[in-house]
Amino acid sequence: MRLSSRLARFTSTPLRSASRWLAVTAFLAGLPAMKGECQAQSVSPLLASRAELSVAATEAEVAAATGDPAQRAQNAMLAAAIRQRLRDGDLQVGDRIAVTFISDAVHRDTVVVRSERSLELLGIIIVPVAGVLRSELKERVSTEMLKYVKAQKIEVTPLMRVAVLGAVVRPGYFAFASDIPLTDAIMGAGGPTGSAAVERSIVRRRNQQYRSAGETSKAIAGGLTLDQFGLSAGDELVVGERREFGVSKLIGLTGALASVLAVVVAMSRR
C-alpha cells in the first residue's frame, strides 16, 4: 500500500490534538526513503524467503560470537529463532489465512491452521503447512487447489495477530496481514501519540526483548514488513516514549523520594 494512501486513510479521522498531529507528521516526514522502498517492493516479495532467512541466521550467529555479552546473547536468541523458523515454518495452530480465488466468480474465505498443521479448503482440499514459510504458502496452496479448481487467480494472505503497545493512540492486539510495513501496524493502532519516540521502539517476545531499539528503528525507516522483521503471532511491538523531566515529573519524583524517606525513618524508630 502506498504511503500516500495510508496517510489519507489516517487523516480521514479528525486528530484529537495538535501534539498528536506533530507526532504523526514527524513520524511520516522521517520516512522519505521508505516511500521509494515500498514502491520498489511492489515487484519483489514482502515476505522473507528461505534464502534470505538463511543469510540472516548466519549473520546473527557471527554477531553472537563478538561484542558485549548482552548483545551476544540477543544475537544468539535471534539466530536460534530464525533457525527454528527455517526448520518448523511460520504457521502455527490457530493462525488465520485469507484465501481469495477467481473461477466462475470471486470466492473469499478465511481458514485456520488446524491441530495437525494443515489447512482445509472448500471442505475437500487438505494442505499440509508444517515447515512452510509464509513466503512459500501461496505456492503450496495454489498447487493443491489447482488439482481441484480451475482458478484464474489465487491470492493467499497469512494473517498475524500481534500487539502494538506503548505510545500509540489505541494500544492492543490486531490481526494484520503479514506483509504490511511496521509503519502500517503503528498506524493501525491509531498512530503515535504526541509523546511518542518511535526511534525508541522495541519488539518483545514472551516478556523478553526480542529486537532492540536500534534494530527496530532501522527496520521502521527501511520499510520492513512484519514478516521481514521476523515477527510472529503473539509478539509485541512497543512504541517508545520520550523521556520528559518537566515540573510534573520532578514533583512526582520528589514525592516518591519523600515516601521512601518516610518509610526509612519509620523503620528506624522501631
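All of the numbers you see were taken from the coordinates with simple rules; none came from a lab. Remember, it's a predicted structure, so these values are computed and weren't measured experimentally. Positions of Cβ are generated from backbone atoms using ideal geometry, with glycine treated the same way; all protein chains shown enter the neighbour counts.
A compact table of results
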| item | result |
| --- | --- |
| Reachable aspartates and glutamates, given that their alpha-carbon falls under 19 Å from the alpha-carbon of residue 218 and they are not under 8 places away in the same chain | 37, 52, 59, 179, 184, 199, 227, 235, 236, 241 |
| Rounded to whole Hz, the Karplus (6.51, -1.76, 1.60) HN-Hα couplings of the stretch 119-135, x for glycine and proline | 10, 10, 10, 6, x, 10, 9, 9, 10, x, 10, 5, x, 8, 7, 4, 5 |
| Two-decimal ratio, the stretch 72-196, of alpha-carbon radius of gyration to 2.2 N^0.38 Å | 1.25 |
| Separation of the residue 107 and residue 205 label points, Cα + 7 Å toward Cβ, nm | 3.6 |
| Note, ³J(HN,Hα) from phi for the stretch 143-150, Karplus 6.51, -1.76, 1.60, rounded to Hz, x at Gly and Pro | 4, 6, 5, 5, 6, 10, 10, 8 |
| Separation in nanometres of the label points that stand 7 Å from Cα toward Cβ, at residue 71 and residue 84 | 2.5 |
| Within straight-line cross-link reach of residue 150, aspartates and glutamates at Cα separation under 20 Å, skipping those fewer than 8 residues along the same chain | 104, 109, 120, 139 |
